[in-house]
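The values are calculated or read from the model by the stated rules, or taken from the named source; none is laboratory data. The structure presented is a predicted model; accordingly, all values stated were derived computationally and were not measured. Counting neighbours? That spans all protein chains shown, and the Cβs are built from the backbone with ideal geometry, glycine included.
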Amino acid sequence: MGSFLPDSGSYELLTIIGRGLDDLLTVNLARYRPTGEHVAIRRIDLESCTNDMVTYLQGELHVSKLFLHPSILPYKSVFIAESELWVITPFMAYGSARDLICTHFADGMTELTIAYILLGMLKALEYIHHMGYVHRSVKASHVLISADGQVCMSGLRSTFSLIHHGQKVRVVHDFPQYSVKVLPWLSPEVLQQNLQGYDSRSDIYSLGITACELANGHVPFKDMPATQMLLEKLNGTVPCLLDTTTIPPEELSLKLSRSGADSGICEGPGAGGVRQSNGEASSSSAGHPYNRTFSPHFHAFVELCLQRDPEKRPLASTLIGHPFFRQIKRRPSEALPELLQPVSPITSYETSQLQGAPSGLASLESGLSHLEVDDWDF
């Protein structure tokens, strides 16, 4: 998909699929009239933005022009339409990895599915770090999957450059703006905000939290008060993958049903808590935590990412060669659509819509309504 015309008249707005930035940002599904392709359009009300927000957005747009990588969501066109900033990106028809967890994989995804997703994330992070930036917002809702199985990182708003006055600085001390929603994924050193600062290895910690999110179906530390979360992380509490090797034997024997989310931390009986499936677990599901076992390589990969000491965390370029990824035998475009079954990309509604069937748009909106799109970051 090439670049798109910087003209609002070239786009047919179909339906709203998300909001953000205190409702100043609206994400629309749209059709690009010249080709009929679906795209996502972020429309930002500039008149209501503060100066700080405008500066924040300018930084994001600068980074988007700088980054060019198949594992990073591209911005196809950016222009002003009346009082709005329009940012055009490809429409990622599977939504985000978080959407998939919420709608189909409540107990987590299969290990092989996760391997493909994490490898795509690592390729993006390797590039971002090579360019001298820290992402600072790595999480499942910022991992988008296209209809053909391409894994793309988004969430570029929080990226921060390690290059200042032409020189690469060793660490960063800046705390990411608008980061309330991302606190559970942030590394101890980012949260601590001390003189030692942090660097790109903080993203590796966030990758480890995301791995637990994809495997367990919920986010470690998610429901903790911020102060308790900080103390747990600074004290070296390490989340883990929930399976037969990490859930206490007495809990396995009881097989208690749980309701609601929990901390996702393995530190004794009951600490790992399991969210029950909605009864619609598919063949692609990782299986209930009480009867699944992840590979030693997967456990080791997560442990490496979640080292309390950032110096002990491997670089993204090193992790790409981890034995965990040896199970990948095919290209994501071949494997992921198959692994994600019975989930189908939202473009499956496109045919009836383009044929003029009255139910086309209604079907498309119905498909979108199942997604937790408020957290999408196009």
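So the values come out like this:
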| item | result |
| --- | --- |
| Residue list for region 147-174, filter: under 30 Å from Pro332 (Cβ atoms), surrounded by 20 or more Cβ atoms within 10 Å (Cβ to Cβ) and not hydroxyl-bearing (Ser, Thr, Tyr) | Gly149, Val151, Cys152, Met153, Gly155, Leu156, Arg157 |
| Inter-residue pairs, beta-carbon under 6 Å, first touching a residue at least 40 places away in the same chain (Cβ under 8 Å) and among the small types (Gly, Ala, Ser) and in region 8-28, second in a helix (DSSP H, G or I) and crowded, with 16+ Cβ neighbours inside 10 Å, 6+ apart | Gly18/Val373 |
| The listed residue being over 20 Å from Ala115 (Cβ atoms) and touching a strand residue (DSSP E or B) at 6+ places or on another chain (Cβ under 7 Å), out of Asp199, Asp223 | Asp199 |
| Candidate set from region 27-68 (those that are of a type in the set (Val, Ile, Thr) and surrounded by fewer than 16 Cβ atoms within 10 Å (Cβ to Cβ)); member that is nearest to Gly95 (Cα to Cα) | Thr35 |
| Residues satisfying the stated conditions in region 216-243, i.e. outside any strand (DSSP E or B) and within 22 Å of Leu315 (Cα to Cα) | Lys233, Leu234, Gly236, Thr237, Val238, Cys240, Leu241 |
| Within region 106-119, considering residues that are surrounded by fewer than 24 Cβ atoms within 10 Å (Cβ to Cβ) and out of contact with any Leu (no Cβ under 7 Å at 6 or more places or on another chain), the one nearest to Lys76 (Cα to Cα) | Leu119 |
| Selection count where residues are more than 23 Å from Phe160 (Cα to Cα) and in contact with a strand residue (DSSP E or B) (Cβ under 7 Å, 6 or more places away or on another chain), scope region 61-85 | 3 |
| Subset tally (residues that are modelled with pLDDT of 95 or more and among the β-branched types (Val, Ile, Thr)) for region 321-356 | 1 |
| Residue list for region 60-83, filter: part of a helix (DSSP H, G or I), more than 20 Å from the chain's Cα centre (by Cα) and touching a residue at least 60 places away in the same chain (Cβ under 8 Å) | Leu66 |
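Matching residues to (1) at pLDDT below 90; (2) under 21 Å from Lys181 (Cβ atoms); (3) in contact with a strand residue (DSSP E or B) (Cβ under 9 Å, 6 or more places away or on another chain):
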{"residue": "Gly18", "(1), (2), (3)": "yes, yes, yes"}
{"residue": "Asp22", "(1), (2), (3)": "yes, yes, no"}
{"residue": "Leu25", "(1), (2), (3)": "yes, yes, yes"}
{"residue": "Ile41", "(1), (2), (3)": "no, no, yes"}
{"residue": "Thr50", "(1), (2), (3)": "yes, yes, no"}
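Table: residues versus (1) modelled with pLDDT of 95 or more; (2) part of a loop (DSSP other than H, G, I, E, B); (3) within 16 Å of the chain's Cα centre (by Cα); (4) basic (Lys, Arg).
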residue	(1), (2), (3), (4)
Ala93	no, yes, yes, no
Asp99	no, no, yes, no
Cys102	no, no, yes, no
Asp107	no, yes, no, no
Ile114	yes, no, yes, no
Leu119	yes, no, yes, no
